[in-house]
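Below is one structure, written out as structure tokens; the observations come after it.
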């Protein structure tokens, strides 16, 4: 899997899918349109400051609530290269893998990394490097088959590729 | 090694004698569900797959309940997409407006969910069917697409928390109060990745509607599923609604649980969740002291839009008037519930007391339509989430409560309990 590298945008506990993409925008499923409203109810400025490659870091239970796949789709369409969190809500976790948005659980990294730090994630080893702080953390690498799904940019491509 | 009820169902559907927590398995699916928000994304994905049709047209349920009846042109296009997919693939269980209801109230009523099933749904509240002894869990649209195509899904076998419910709850304490109490106790990630297995003699005092409400909100504690043992009440319910034979699984006596939590139901009080997380609970006695003045009351949703819910609300509202300036919105969960509520005179009670009665829809629960909140408005709601902006403006507030507390609050114009009006 390709490494992720970028600037950190940081959030707290229990970032729910209603704030990641509010239901009032779910009458669309177009990733570009969803990306325009990503994080709107928790951080109005997010869409203006997010740059391709940026990494979201959050505390526990990221992506809790609704099963809407529109949430990881919106984050991915904003150009976010990885989400690091203490823990993820389980449906968000599945959805992120299934659409090919790299995510990684690492409580130590989630606590230590600050907004605007430069961070690199090596998914094969699970090593998270905070370049700004010159610190390394060990996250949980994905089981092999999940890595393959993300490599294929999602479950559907993975199934089509015949690699399963 | 002993298995939990959930693990036994999963093992049987994976063709394995035994599974352990943490194991990755592939399980056969008895039902795949989607709604008008999640299905279009799934349909788009399935169209990209090199497959010919769906795995089984009788084992897919499509319910356009979130923005249906169509709230605007874009939603209408989504519902149309689902309708056309259902027609093309001859999906047996597509429910058009008129037959449609809120999915998790509708499917058990239609007999599509029975004990022993493995069910996935592209809706987080799919965990509701644990009330009939099924393993059911919410997934996203891509999992739904893969499920529709192959009839299979991968799962990580969950560990479990065992909740031993003891004794009889007091008069106004419902399934909603029990699950809010539990979420308040363990937190919104207290059961993350785990099963919530409910047991104990207290279950015999809970109606099927109470059990649906409890299983429904397992996701609000982060749970993978919530599940009840199959007793005679449950078997009678399944027999009344379904032609399918239930398969009854029981947890092994030596099943391994991560934790066991005992709850004496007789000590519980009506419970309310304050903004903006379901874990922010207070008993109604504490909440009354806060003098929370409100603007709206919603009674409905996949959590609390069933007959028991409407009956208890109507029993409190009968012969009374909602407080001046309060908007009371009642949403029966399905067409059958709507009709039964008319026959029992409940709809008349709601209208006479100054409420409105909506066609079945998820509507305001997710901030869709039919009761959106303006800036700084407050709502007492029987729905399941009180996140920031969930029902409207980001400064609006939702207080989650039982139908009894919601009805009493509508009369009082502020958050209160049924014993205080």
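Assorted remarks:
- In segment A:60-137, Cα pairs under 8 Å separated by at least six residues give a relative contact order of 25 percent.
- Helical contribution to [θ] at 222 nm, DSSP H n ≥ 4, -39,500 (n - 2.57), averaged over chain B, rounded to 500: -9000 deg cm²/dmol
- Counting Cβ atoms of other protein chains within 10 Å of each residue's Cβ and taking the mean over peptide B:353-366 gives 1.
- Exposure proxy ranking, count of Cβ atoms within 10 Å, fewest first, for B:82, A:83: B:82, A:83
- Using the Cβ-Cβ distance between residue B:96 and residue B:44 with R0 = 22 Å, the FRET efficiency computed as 1/(1 + (r/R0)^6) comes to roughly 0.55.
- Among beta bridges from DSSP that stay inside the protein assembly as shown, the antiparallel ones total about 30%.
- Residue B:170-residue B:28 FRET efficiency (beta carbon distance; Förster radius 51 Å; 0.05 resolution): 0.75
- Once C-alpha pairs closer than 8 Å and six or more residues apart are averaged by separation and normalised to the residue number of chain A, the relative contact order reads 24 percent.
- Percent of Cα pairs exceeding the 31 Å cut-off, where the set is the protein assembly as shown: 45
- Anisotropy class of segment B:149-209 from Cα gyration tensor, a/c 1.5 cut: prolate
- All-pairs Cα distance distribution in chain A, expressed in whole percent, bin size 10 Å: 12, 43, 36, 9, 0
- For segment B:113-184 and segment B:1-69, distance of Cα centres in Å: 13
- Pair residue B:344, residue A:144: separation of 7 Å Cα→Cβ label points (nm): 5.7
- Inter-site label distance for residue B:231 and residue B:293 at 7 Å from Cα along Cβ, in nm: 4.5
- Between segment A:120-134 and segment B:190-242, the alpha-carbon center distance in angstrom: 43
- Radius of gyration (Cα atoms) of segment B:50-147, expressed as a multiple of 2.2 N^0.38 Å: 1.07.
- Projected label distance in nm at residue B:239 and residue A:160, using a 7 Å step from Cα toward the beta-carbon: 5.0
- Size-normalised alpha-carbon gyration radius of chain B, reference 2.2 N^0.38 Å: 0.93
- Residues A:86, A:144 in ascending order of nearby Cβ atoms (within 10 Å, fewest first): A:144, A:86.
- Segments B:169-180, B:388-399 sorted - mean Cβ within 10 Å per residue, highest first: B:169-180, B:388-399
- Computed over segment B:17-100, the range of Cα coordinates on each principal axis works out to 49, 27, 21 Å, biggest value leading.
- For A:98-105, mean number of other protein chain Cβ atoms within 10 Å: 2
- Relative contact order, percent, segment B:1-125 [alpha-carbon distance under 8 Å, six or more residues apart]: 33
- Maximal additional length on extending the residue B:266-residue B:57 stretch stands at 70.7 nm, based on 0.36 nm per residue less the C-alpha distance.
- Least to most buried among A:90, B:311, B:385, A:49 (fewest other Cβ within 10 Å first): A:49, B:311, A:90, B:385
- Two-site FRET efficiency, residue A:33 against residue B:16, from Cβ-Cβ distance with R₀ of 30 Å, rounded to 0.05: 0.10
- Within segment B:285-322, backbone nitrogen closer than 19 Å to the virtual label 7 Å beyond the Cα of residue B:395 toward Cβ: B:292-296
- Sorting the Cα pairs of segment B:248-355 by distance into bins of 5 Å, from 0 upward, gives 2, 9, 14, 17, 16, 14, 11, 7, 5, 3, 1, 0 percent per bin.
- Segment B:266-335 and segment A:39-114 have Cα centres lying 33 Å from one another.
Every number in this text was worked out from the coordinates using simple rules, so none of it is lab data. Worth saying up front: this structure is predicted, and the values here are computed from it rather than measured. As a convention, Cβ positions derive from the backbone with ideal geometry for all residues, glycine included, and neighbour counts pool all protein chains shown.
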